[in-house]
């Protein structure tokens, strides 16, 4: 069945590039939440080069305020921060009607933390120090998965599978 010109176009029609085997969506909004300014700067530079629009928050409260004003396409979230920690931010984000995907970045990685974060809805858990390539690949993978899920919702699962096959 062919889509009419009046139907919503799939997310994959946006300007794209390829990174680590994953199609990346240029212009997607990434929110970096970390209390260390040097980490935010490194992540911003690493992802801006790939065409992402960057926003930064120095703590969890600031991040939640930003998300309430305008939901980003993805969040990179540190666990250990003053004012409001990453796990609490993750819990509160999950209460939103359409929460953004969250990748946890932390120097305090442990199996219990990773399990708790995934149970709270995080889509990935990266331990610091992390390479720029690992961050770029994780962001591209998550956004590609989100775009594929949106395509499935927009077009129906059968149409998406037919386009891939």
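Coordinate-derived values only; no laboratory data. On a predicted model such as this, the values are computed, not experimentally measured, just so you know.
The Cα-based radius of gyration of the stretch 20-112, divided by its Kirkwood radius, gives an Rg/Rh of 0.95.
Subtracting the Cα-Cα distance of residue 96 and residue 134 from their residue separation scaled by 0.36 nm leaves 10.9 nm.
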